[in-house]
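First up is the structure itself, then whatever we jot down about it.
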Amino acid sequence: MSSEPVVDVRDPAVLDDPMGGYDRILAEAPVRWARLPNGEEGWLVTGSDAVRAVLSDPAVRNDPTGLPGRGAQTQEETFLALGTPPEHLPYLRASLLSLDGAEHTRLRRSILPAFSASRVATLRPRVQQIVDELLETLGAAKGTVDLLDDYAYPLAMAVVCELVGVPEADRPAWYRWGKILVEGDPARITPALGEMFAYCHALVDRRRAEPAGDLLSDVVAQEDLTDVDAVALVVFLVLAGHETMAHLLSNAALALMRDPAQRDLLRAEPDLWPAAVRELVRTDGPVQLARLRYAAADLEVGGVRIRAGDPVQAVLGAANRDPAQFACPHHADVRRQAEHGGREGSVGFGWGPHFCLGVALAKVEAEVALRSLFDRFPAVRPAGEPAWVPLPRARHRVALEVWLR
């Protein structure tokens, strides 16, 4: 514990302007004691080097079970304290977000082939087809359209569901479940989770009886994976694959609408689009905070001593705008990543063992979606100031209405 005054990241000054709020905290100290979003005190890590250090250190764990102090509470007890029904616990414990070490590696390896660069490259034509169909529908609309609900969400949902093997007729249910989880009402979350788990069990049974050449068919064919493993993987992939992707597209599109010089550069040099996507993930990625972790042993980060059992909260958004790492850190310069080979240390897709599985797919999806949007509607612009949901973990824009022409 530090003797410094406690910074409260739940302060409205931070919640209403997370980018500015975390930048101010970083300027004071890259690692400092704070009151975290869940209300407990712990270490807030904002510096680029420090964030990469804690996310890659095996002594910093997602699962607090068996650790001293706050970490003495088992992960199961933590879920129960949040009102989770006991019957949901096996699926939450089996989530990739809950696991560390060998067990995390085992499940991650089971689906890695589906997200390889070569496999993703074969999906590009289908992503382009979905994008073209959605843009054709938008083009027929009159007045304004909601870029998030009418373009980003349908695209992200369609792509991840086709990859995993969720039938098209079932996708509206996933959209509804995702909205409920983001809104955070426990009274609605519990039944939504029950519906998801039951649905996934039925889908697992169906794919076991009738393989379809999708990711889930590959998963159920692996003898070392249980039904609970398979259900947890489906829930994780669909929810993570559409929610953050949709907000990345919305955020990135708005950033380019507000920077005509960068848009003109991309139109003149379309080969810059892959680098532009990497840069926009750095400056306008949808996730501000990594999952809360716990120190499993005493360690030193950024010159600060962290004790075993201490909570550790890494701030991806602040690390990606650390002036010690990036020149003009707040400006999205689409040439930056091209000139540095994309190796400047951005943590927009995470870092270490929990680095985003779908990074190759996310890059292809964002490149195709953004390039096609601005090629089809070069004059697209915001119809008004977008609305924000004041969640410290994400930068959700809920009402990005745009004029297409």
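Think of the stretch 108-148 as a dipole: +1 on every Lys or Arg Cβ, -1 on every Asp or Glu Cβ, centred on the Cα centre; then among THR137, PRO113, PRO125, PRO113 lies furthest on the positive end. Inter-label distance, ARG307 to LEU112: 3.8 nm, where each label sits 7 Å from its Cα along the C-beta direction. Calculated FRET efficiency, GLU269 to LYS142, Cβ-Cβ distance, R0 = 41 Å: about 0.80 to the nearest 0.05.
Around LEU256, what is the net charge, scoring Lys/Arg as +1 and Asp/Glu as -1 over all other residues with Cβ under 11 Å from its Cβ? Spelling it out: positives minus negatives among the neighbours equals +1. Relative protection proxy for 369-375, 330-336, from highest mean packing down: 369-375, 330-336 (other beta-carbon atoms within 10 angstrom).
Remark: the stretch 206-281 is approximated by an ellipsoid whose semi-axes, taken from the C-alpha gyration tensor as √(5λ), come to 40, 13, 9 Å, largest first. Across GLY20, GLY348, GLY184, mean-square fluctuation computed from a Gaussian network of the chain (C-alpha pairs under 10 Å connected) peaks at GLY184.
Loop-located trypsin sites (Lys or Arg not before Pro) in the stretch 92-188 (DSSP state other than H, G, I, E, B) with a sparse environment of at most 14 neighbouring Cβ atoms within 10 Å: LYS142. On full extension, the segment bounded by ASP214 and ARG258 gains 12.0 nm, given 0.36 nm per residue less the C-alpha separation. Say we join alpha carbon atoms closer than 10 Å with springs in a Gaussian network model of the chain; which of PRO286, PRO386, PRO18 then has the biggest fluctuation? The residue with the greatest mean-square fluctuation here is PRO386. Each residue of the stretch 229-239 was assigned a 3J(HN,Hα) from its phi angle through the Karplus curve 6.51 cos²θ - 1.76 cosθ + 1.60 (θ = phi - 60°); the sequence is 4, 5, 5, 4, 5, 4, 4, 4, 5, 5, 5 Hz, with glycine and proline shown as x. Set Lys and Arg Cβ to +1 and Asp and Glu Cβ to -1, take the dipole of the stretch 5-138 about its Cα centre, and tell me which of GLY20, SER56, PRO68 lies farthest positive. Going by the charge dipole, the pick is SER56. Using the Cβ-Cβ distance between ARG291 and ASP17 with R0 set to 22 Å, the FRET efficiency from 1/(1 + (r/R0)^6) comes to roughly 0.45. Considering only ALA29, PRO211, GLY42, and ranking their Cα positions along the charge dipole of the chain that arises from unit charges at the beta-carbon of Lys, Arg, Asp and Glu, the one farthest toward the positive end is ALA29.
Stokes-Einstein diffusion coefficient for the stretch 36-123 at 20 °C in a medium of 1.002 mPa s, Rh from the Kirkwood formula over Cα pairs: what value in µm²/s? This corresponds to a translational diffusion coefficient of 137 µm²/s.
In sequence order, the stretch 193-209 has phi-based couplings of 4, x, 5, 4, 4, 5, 4, 5, 4, 5, 5, 4, 4, 5, 5, 5, 7 Hz under the Karplus curve 6.51 cos²θ - 1.76 cosθ + 1.60, θ = phi - 60°, and Gly or Pro positions carry x. The GluC sites (Glu not before Pro) found in the stretch 195-298 that occupy coil by DSSP, while having at most 16 further C-beta atoms within 10 Å, are GLU223. Scanning residues 5 or more positions from LEU36 or on other chains, those with amide H under 5 Å from its amide H are GLU41, GLY42, with H placed 1.01 Å from N in the peptide plane. Label sites at ASP132 and ARG24, each approximated as a point 7 angstrom past Cα along Cα to Cβ, lie 5.0 nm apart. Computed from the Cβ-Cβ distance with R0 of 35 Å, the FRET efficiency linking ARG124 to ALA169 stands at 0.90.
Counting only Cβ charges, +1 for Lys and Arg and -1 for Asp and Glu, the dipole size of the chain around its Cα centre is about 520 debye. Model label sites at ASP185 and ASP375, defined 7 Å from Cα along the beta-carbon direction, differ in position by 4.2 nm.
Here the Kirkwood formula, the inverse mean of 1/r across different C-alpha pairs, assigns the stretch 170-314 a hydrodynamic radius of 19.0 Å. Is the shape of the stretch 84-146 rounded, prolate or oblate, going by the alpha carbon gyration tensor and its root eigenvalues a ≥ b ≥ c, with a/c under 1.5 for rounded and a/b larger than b/c for prolate? Oblate is the answer for the stretch 84-146, as a/c is 1.5 or above yet b/c matches or exceeds a/b.
Comparing ALA53, ALA366, ALA268 in a Gaussian network model of the chain where C-alpha atoms under 10 Å apart are linked, the largest mean-square fluctuation is found at ALA268.
Computed about the Cα centre, the dipole magnitude for the stretch 170-276 is approximately 480 debye when only Lys and Arg (+1) and Asp and Glu (-1) carry charge, each at its Cβ. Only Cα pairs under 8 Å and 6+ residues apart enter the sum, and on that basis the relative contact order of the chain stands at 26 percent.
We did not get these values from a lab; they are worked out from the coordinates using the rules stated. Being a predicted model, the structure only gives us computed values, none of them experimental. In this analysis, Cβ positions are derived from the backbone assuming ideal geometry, glycine residues included, and neighbour counts consider all displayed protein chains.
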